[in-house]
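Participant: Mind looking over this structure? Questions follow.
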Amino acid sequence: MSSFDEFDAFEGASLAARAMAARPSPYLDELNPAQREAVERLDGPVLMLAGAGTGKTKALTSRIVHLLNTSRARPNEILAVTFTNKAAREMKNRVGRMLGQTVEGMPWLGTFHSICVKLLRRHAELVGLKSNFTILDTDDQVRLLKQLIQAANIDEKRWPPRQLASLIDAWKNKALTPERLPAADAGAFNNRGGELYAQYQTRLRELNAVDFGDLLLHVVVIFQNYPDILQQYQRWFRYILVDEYQDTNVAQYLWLRLLAKEHKNICCVGDDDQSIYGWRGAEVGNILKFEKDFPGAHVVRLEQNYRSTPHILAAASSVISGNENRLGKTLWTQQEEGEKVRLIGHWDGEVEARWIGEEVEALQTGTRGMKPYGLEDMAILVRASHQMRAFEDRFLTIGLPYRVIGGPRFYERMEIRDAMAYFRVVTSPEDDLAFERIVNTPKRGLGNVAVQKIQTAARENGVSLVEGARLLLDSKGIGGKGAKELRILIDGIDRWRGLGIQREVEIPLNDDEVIDEGTTQSATRFAPAGDNMPHTELAEIILDESGYTSMWQNDKTPEAPGRLENLKELVGQLANFDNLQGFLEHVSLVMDNESDDADAKISIMTLHAAKGLEFPVVFLPGWEDGLFPSQRSMDESGLKGLEEERRLAYVGITRAEEVCTISFAGNRRVFGQWQSQMPSRFIDELSEEDVEVLTAPGIYGGGHSGAAGDFGSGIQDRVQSANTYNSPGWKRMQDRAGQRGLSQPKESKNTIIDLEAVSSYSVGDRVFHQKFGYGEIMEIEGDKLVIEFDKAGEKKVVAKFVTASTDIPF
DNA sequence: AGCCTCAGCAGAAAA
DNA sequence: TGCTGAGGCT
């Protein structure tokens, strides 16, 4: 690592010749001067400091196009890394669009992890793996660690496997192998951390498996231990581009520095003000010390914002200016003035959700003196996911279509993981974790005792679990119904393996992947299915014959049909791959949960999930000290934590294009307990001239609600006794509250009563609801139905959200 | 083996 | 409050 200290000025001479063949570059005319500079300064280290909404992706993609257009590099000599598949996909698409062709020829544009998989498959043997290693996800990782903790006789109550998993993850993010682990770290986890980490790595090698952290770590280790291999890649990648540089961790940083050492043409794009993943190992320091790390670095600031109106931008700037360690940018815009950031306080979280629901409907019809907005133009961004529930409940009640972004990912669903485990058992004989997962799914009468026996048999003979099970059966070490079922399963696995047998052959790498010109490289790969059974068909056979499909067909829970749908989708996706192996890798690494559902719905998501997105209308609820900024974050990381929370606030505000509404509640129920809290300190930091304080009719407005009167005195008392809160927003709110405006009914007037939907039901009907499952109608009120759900209890739901059901109540 | 009850705990989350 | 996991009961 220290060998990096000299990173001298670049040499671009040999490349200048290539630039001779430059073609016209119309895309340059579409850039502003800063973007243009970032695109045209191709040689040497460049740091592109791109503020929110300043056309970062445009600059980045134009730069790639420019590299190709000026013949500085061939498509396969450009390394372009992103964090998410979504970002990689977008870059690919945009470059393709600009070039007017597909970018099949950019094999090194992808996520850190997908690129590392590619590298690691080539050199797996250097870290004791085979090139067809399995990639474990967090769940497998935790199950494995649990076994190790149990074997080490450690109380897993006091020392939970999850905790060890995150420790190991953190170490890998810092590029610490077990050997390099500092004593202080090794002493973590009841003094057994280092030991367990080493055992875990050994076990992974035995299973021919890696976890996500290994993908980077192994490659870094290979680069560090095999200079000749590193050199090959250093030479090959003439130009390196990195997106979201502020999110890189130590391992990624080392990886990049190693690769950039030869040509020194590295362009990192990022925004220190949007660094919100410190808890995930990201080092803001990486971007802050870029100029030191890469001497001669050129810094370009993109400061013209094309997204938000001036008030929104100014409010965001005023908040972020509270942070100390910043590189500093001044965002500006040419847009016209627009709305101020709107601020409103509520009595409690429920009132907040109700108010936002009504406000959304008002904005749809344009009754706020603004143009009407569609639901797809609006988003609610929360700090913690448990805040979402209040909105879901409310929106379900008033029949407002919404979509939650971020939930469980497709491949994290139980049925997908089960199906994949079956495929893994068939394709990788050593995959014990997969076998453990499916051995009793569906139920085969193979419980704990049976699995223990199989494990013992496997261990004693030094074979995999499948082989252990076979031996156990042959030696009659297991009997009864379980034995019969186990035999059927083992026979099934043998048969499926036979059906899907892939010819393992040496085939040359694709031309565009060749790294070292001159030598022909090849790798052991699985040939595309030729005379074998098509793998889609094989997949269906596995799922059917194992009884997995029928398990869900016989399942009566409301989720079952959806799960079968997902399985169908999974098999459908298979058609896009040459074989099961390729598919498994795709699912663990690439498959995400993007719903292409374009229906008009308001989006609900966390602030973290919102990074990179933008919406005309944004709601930012829950700005209360303790929730946002999060108490836990401040307790654990002190000022650093607070600054990251502040950046999160900045990210939130800058998602808004035209209307940004911040709100807080005086009281909130957290884990069933009522808590009252102060408005967020970030509210004080908003520049007064960019904020308009709203009062909620019907809440401040007096009238019938008992809570109305309480609000003023309750929160005021707390605020005055605390005597710390004197924000401009708060003072104005007090003034307004004194005025006692008009009272208005609390229920929305804009909900169109869909009597047609109601009239098709009567009391006693059985119905089905997407979220709550089956239930019976108890009462009909207007356009709403009171339904007693079998699982979820009594709920009031808008009629159009349920469908008639013919199922029999159990 | 599988259902049920009770205790414990609760964070943001890419690959 | 509501989910998860472990252990007890049938």
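Participant: What number of residues within the stretch A:403-417 are part of a loop (DSSP other than H, G, I, E, B) and either open to solvent by less than 20 Å² (accessible area, probe 1.4 Å) or within 16 Å of DNA strand C (Cβ to nearest atom) (or both)?
Facilitator: Looking only at that region, the number is 5.
Participant: Taking A:Leu109 and the conditions (1) away from DNA strand B (no atom under 16 Å from the Cβ); (2) open to solvent by less than 40 Å² (accessible area, probe 1.4 Å); (3) of a type in the set (A, V, I, L, M), which numbered condition does it fall short on, given that it satisfies the others?
Facilitator: (1)
Participant: Can you pull out the strands (runs of 3 or more DSSP E) entirely within the stretch A:245-361 that have at least 1 residues that are within 22 Å of A:Ile604 (Cβ to Cβ) and over 24 Å from the mean Cα position of the chain (by Cα)?
Facilitator: Those strands (runs of 3 or more DSSP E) span A:341-348.
Participant: Considering only the stretch A:383-402, state which residues are surrounded by 24 or more Cβ atoms within 10 Å (Cβ to Cβ) and not in a helix (DSSP H, G or I).
Facilitator: A:Arg383
Participant: So, one more: Before we move on, is A:Thr365 touching a strand residue (DSSP E or B) at 6+ places or on another chain (Cβ under 9 Å), more than 16 Å from DNA strand C (Cβ to nearest atom), among the hydroxyl-bearing types (Ser, Thr, Tyr) and open to solvent by 20 Å² or more (accessible area, probe 1.4 Å)?
Facilitator: no
Participant: Kindly provide the set of residues from the stretch A:163-183 that are away from DNA strand B (no atom under 11 Å from the Cβ), more than 26 Å from A:Arg459 (Cα to Cα) and of a type outside the set (Asp, Glu), ordered by number.
Facilitator: Of everything in the stretch A:163-183, those that are away from DNA strand B (no atom under 11 Å from the Cβ), more than 26 Å from A:Arg459 (Cα to Cα) and of a type outside the set (Asp, Glu) turn out to be A:Leu167, A:Trp171, A:Lys174, A:Ala175, A:Leu176, A:Thr177, A:Arg180, A:Leu181, A:Pro182, A:Ala183.
Participant: Now for a separate question. Of the residues that make up the stretch A:438-458, is at least one within 16 Å of DNA strand C (Cβ to nearest atom), closer than 27 Å to A:Val587 by Cα and of a type in the set (A, V, I, L, M, F, W, C)?
Facilitator: no
Participant: Tell me whether the stretch A:209-222 contains one or more residues that are at pLDDT 95 or above, more than 16 Å from DNA strand B (Cβ to nearest atom) and in a helix (DSSP H, G or I).
Facilitator: The answer is yes, given that some residue of the stretch A:209-222 is at pLDDT 95 or above, more than 16 Å from DNA strand B (Cβ to nearest atom) and in a helix (DSSP H, G or I).
Participant: Check A:Lys146, A:Lys157 and return the single one that is surrounded by fewer than 15 Cβ atoms within 10 Å (Cβ to Cβ) and within 14 Å of DNA strand C (Cβ to nearest atom).
Facilitator: Exactly one of A:Lys146, A:Lys157 is surrounded by fewer than 15 Cβ atoms within 10 Å (Cβ to Cβ) and within 14 Å of DNA strand C (Cβ to nearest atom), namely A:Lys157.
Participant: I'm trying to understand the selection: among the residues of the stretch A:438-464, which are within 16 Å of DNA strand B (Cβ to nearest atom) and either more than 11 Å from A:Leu486 (Cβ to Cβ) or hydroxyl-bearing (Ser, Thr, Tyr) (or both)?
Facilitator: Hits for the stretch A:438-464 are A:Ile438, A:Thr441, A:Pro442, A:Lys443, A:Gly447, A:Asn448, A:Val449, A:Gln452, A:Gln455, A:Thr456, A:Ala457.
Participant: Let me ask another. Could you name every one of the strands (runs of 3 or more DSSP E) located completely within the stretch A:602-684 that has at least 3 residues being open to solvent by 10 Å² or more (accessible area, probe 1.4 Å) and more than 9 Å from DNA strand B (Cβ to nearest atom)?
Facilitator: A:656-670, A:673-676
Participant: Also, quick follow-up: Just to verify a result, which residue in the stretch A:374-394, among those that are near DNA strand B (Cβ under 9 Å from one of its atoms) and of a type outside the set (S, T, N, Q), is nearest to A:Leu620 (Cα to Cα)?
Facilitator: The extreme case among them is A:Val382.
Participant: Could you please give the count of residues in the stretch A:120-162 that are assigned to a loop (DSSP other than H, G, I, E, B), farther than 18 Å from A:Val425 by Cβ and either β-branched (Val, Ile, Thr) or within 16 Å of DNA strand B (Cβ to nearest atom) (or both)?
Facilitator: 7
Participant: Checking A:Gly194 against (1) outside the structural domain of A:Asn286 (by the TED database); (2) under 28 Å from the mean Cα position of the chain (by Cα): exactly one of these is not met. Which one?
Facilitator: All conditions pass for A:Gly194, except number (2).
Residue-by-condition table, conditions (1) touching a residue at least 40 places away in the same chain (Cβ under 8 Å); (2) buried (at least 20 other Cβ atoms within 10 Å of the Cβ); (3) β-branched (Val, Ile, Thr); (4) within 16 Å of DNA strand C (Cβ to nearest atom):
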site: A:Leu217; (1), (2), (3), (4): yes, yes, no, no
site: A:Leu230; (1), (2), (3), (4): no, no, no, no
site: A:Phe237; (1), (2), (3), (4): yes, yes, no, no
site: A:Ala260; (1), (2), (3), (4): yes, yes, no, no
site: A:Ser275; (1), (2), (3), (4): yes, yes, no, no
site: A:Val284; (1), (2), (3), (4): yes, yes, yes, no
site: A:Leu288; (1), (2), (3), (4): no, no, no, no
site: A:Gly296; (1), (2), (3), (4): yes, no, no, no
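The values are calculated or read from the model by the stated rules, or taken from the named source; none is laboratory data. Every value quoted in this text rests on a predicted model; they were computed, and no experiment measured them. Counting neighbours? That spans all protein chains shown, and the Cβs are built from the backbone with ideal geometry, glycine included. Accessible surface is based on the protein model in full, side chains and every heavy atom, while ligands, DNA and RNA are left aside. Shrake-Rupley method; radii C 1.70, N 1.55, O 1.52, S 1.80 Å.
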